[in-house]
Amino acid sequence: MHFCGMRIAFASTFPPYRGGIAQFNQKLTEALREEGHEVHCSNWKRQYPRLIFPGQSQLTQGSHLDSGPIALLDSIDPRTWKHTAEHLLAWGPDALLVPFWHAALTPALGSLIARMKRKRPGLLVIGLMHNATSHDAKIWDVWLTKRFLKNVDITWTLSEQVADRVHDLMPSRSSKVFFHPLYDQYPELQTMQDARTALHLPSQDEADVVLFFGLIRAYKGLKTLIGAKELLGSSDKTVHLLIAGESYDDWKPYQALIDAGGSPEQVHVHTRFILDAELPTFFGACNAVCLPYLTASQSGVSAIALHYGIPVIASDVGGLSEYLKTPGTGIVCPPNDPEALAKGIQNVLESLPVSSEAFDAARTQYSWNNLAKAMTQELNAKAGS
């Protein structure tokens, strides 16, 4: 049977909301449309209540919700759960795609799914699991995640680790494992000289720079990286840390570690949300990107680094190592081990055989086009079953 494309309702977060999930959803929507699917997106009217959101703003600077897909769903207003279901049902979808990344959103999403399935029998509901439990999981998260899993018909994941965790929570459920594509929508890198001048960093002849990028939270292991910085051995160049991202934690303990080290002047801190337009500067300034995470599912930061052709040093947790299988794109280290991380950093900076061919291969393998084609094959199989 020839597959002509599905009508997919996509209920999630999209720009102008900030963060990797919104960026991921926008890119996935574009890729699925290119594959011939009709995709109707529904955004959050209110995503996180202030009580559980530690950041400065959930939206990109100067933006308004009406600049993105229609925003109907409010995580704490049940009236909007019904209204959103009615809106999506009126469009007539064949499938409902619902990403999962935070258990606090389960009541709203679960109600939306249940209403749509009651009104439209045969609707295929896909749970796209970015993780199986929230990174800042509370004791009730497991119960909420199980509730979400019971509501969806099939689950897709972006790493083997998340698929295994889904199976642990629901042994009867086998997930289809895809991958996190590389982000290719950002401007070209600045030259290293221009980027370092803009950020007041030493020249490439004087120092190597290791970048920690993204929201700062305890599970991301920044304290391990700060500790590793002090263990780096002598070489022809000094090694500077560039820390860039809004801190969701109290910054004072991190700063105390930096100040207590032997070279605080070699740690450059930008604790604010970094705009997309600034990425070519921050990534252009560095020789390597470090993900010293204590726990993880997968990482949008590595998806940016690999697209830009920058080697990655990552903890061997979750699905991080799955993206460094191509030789020459980076290495993995044991988590929460400053000494091992320091050795890994030195290995990448001094001896890793980095080649443009390795990054070209990663860009081809982990493309949005390949992801959309693989998802289409799964949808085609479901439509024919």
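Every read-out reported here was derived from the displayed coordinates using simple, explicitly stated rules and does not represent laboratory data. Everything quoted here is computed from the prediction, not taken from an experiment. Virtual Cβ from ideal backbone geometry, glycine too; neighbours counted across all protein chains shown.
Using Cβ contacts closer than 10 Å as the measure, can you line up Cys286, Cys41 from fewest to most?
Details: Cys286 28, Cys41 20.
Placing the least packed residue first, the sequence is Cys41, Cys286.
Taking region 165-310, how much of its Cα-Cα pair set, in percent, is spaced more than 20 angstrom apart?
Details: 5484 of 10585 pairs.
Taking all Cα-Cα pairs of region 165-310, the fraction more than 20 Å apart is 52 percent.
Give me the percent relative contact order of the chain, please, defined on Cα pairs under 8 angstrom at least 6 residues apart. Numbers along the way, then the final one.
Details: 712 pairs, mean separation 53.3, N = 385.
Result for the chain is 14 percent.
Under the Kirkwood approximation for Rh and a Cα-based Rg, what ratio Rg/Rh is obtained for region 86-125? Don't skip to the end; give the middle numbers.
Working: Rg = 10.3 Å, Rh = 10.6 Å.
Result: Rg/Rh = 0.97.
Can you pull out the GluC sites (Glu not before Pro) in region 199-267 whose DSSP state is coil and whose Cβ has at most 16 other Cβ atoms within 10 Å?
Details: sites: Glu206, Glu230, Glu246, Glu265; in loops: Glu206, Glu230, Glu246.
When the GluC sites (Glu not before Pro) of region 199-267 are filtered for loop state and at most 16 Cβ neighbours within 10 Å, Glu206, Glu230 remain.
Counting alpha carbon pairs within less than 8 Å and at least 6 residues apart, what relative contact order, in whole percent, applies to region 144-285? Walk me through the numbers on the way to the answer.
On the way: 183 pairs, mean separation 37.6, N = 142.
27 percent.
So for the pair Glu339, Ala114, with labels modelled 7 Å out along Cα→Cβ, what separation do we get in nm?
5.3
How about region 235-333: which trypsin sites (Lys or Arg not before Pro) there lie in a loop by DSSP and see at most 15 other Cβ atoms within 10 Å? Working shown, then result.
Details: sites: Lys237, Arg272, Lys325; in loops: Lys237, Arg272, Lys325.
Answer in residue order: Arg272, Lys325.
Dipole magnitude of the chain about its Cα centre, charges +1 at Lys/Arg Cβ and -1 at Asp/Glu Cβ only, in debye to the nearest 20?
Numbers: 34 positive and 38 negative charges, 426 e Å.
Computed about the Cα centre, the dipole is about 2040 debye.
Based solely on its DSSP helices, what 222 nm [θ] is calculated for the chain when runs of n ≥ 4 H residues each add -39,500 (n - 2.57) and the sum is averaged over all residues, nearest 500 deg cm²/dmol?
Numbers: 13 runs with 143 residues, N = 385.
Taken over the chain, the calculation gives -11000 deg cm²/dmol.
Quote the relative contact order of region 192-364 in percent (integer), defining contacts as alpha-carbon pairs under 8 Å separated by 6+ residues.
Numbers: 318 pairs, mean separation 41.3, N = 173.
Reported relative contact order: 24 percent.
Which semi-axis lengths, in whole Å and largest first, follow from the square roots of five times the eigenvalues of the Cα gyration tensor of the chain? Spell out each step's value before the answer.
Values: eigenvalues 287, 96, 75 Å².
Equivalent ellipsoid semi-axes, largest first: 38, 22, 19 Å.
Quick one: 3J(HN,Hα) in Hz for region 244-260, Karplus 6.51/-1.76/1.60 with θ = phi - 60°, rounded, Gly and Pro as x.
Along region 244-260, the couplings run 9, x, 5, 8, 8, 9, 5, 6, 4, x, 5, 5, 5, 5, 4, 5, 6 Hz.
Rounded to whole Hz and in sequence order, give me ³J(HN,Hα) for region 202-211 from the Karplus expression 6.51 cos²θ - 1.76 cosθ + 1.60, θ = phi - 60°, writing x for Gly and Pro.
x, 5, 5, 6, 8, 8, 9, 10, 10, 9
Under a 10 Å cutoff between Cα atoms, tell me which one of Gly319, Gly36, Gly19 has the largest fluctuation in the Gaussian network model of the chain.
Gly36
If amide H atoms are built 1.01 Å from N in the plane of the peptide, which residues on other chains or at least 5 residues away come under 5 Å of the amide H of Gly221?
Those qualifying (amide H under 5 Å, at least 5 residues apart or on another chain) are Leu294.
Which of the lysines could be linked to Lys27 by a straight reach, that is with a Cα gap under 19 Å, when you skip same-chain ones fewer than 8 residues away?
Lys373
Identify, among Cys333, Ser351, Leu241, the residue whose Cα sits farthest towards the positive end of the charge dipole of the chain, taking +1 on the Cβ of Lys and Arg and -1 on the Cβ of Asp and Glu, with the dipole about the Cα centre.
Ranked along the dipole, the leading option is Cys333.
For region 68-140, compute Rg over Rh where Rg is the Cα radius of gyration and Rh is the Kirkwood radius from the inverse mean 1/r over Cα pairs.
On the way: Rg = 12.8 Å, Rh = 13.1 Å.
Radius of gyration relative to Kirkwood radius: 0.98.
Lys/Arg Cβ at +1, Asp/Glu Cβ at -1, dipole of the chain taken about the Cα centre: which of Ile76, Cys290, Leu232 is farthest positive-ward?
Among Ile76, Cys290, Leu232, the one farthest towards the positive end of the dipole of the chain is Ile76.
Given N residues in region 280-385, what is Rg(Cα) / (2.2 N^0.38 Å)?
Working: Rg = 15.8 Å, N = 106, 2.2 N^0.38 = 12.9 Å.
Working it through for region 280-385, the quotient is 1.22.
Which of Leu123, Leu112, Leu211 moves most in a GNM of the chain, Cα contacts under 10 Å?
Comparing Leu123, Leu112, Leu211 in a Gaussian network model of the chain, the most mobile one is Leu123.
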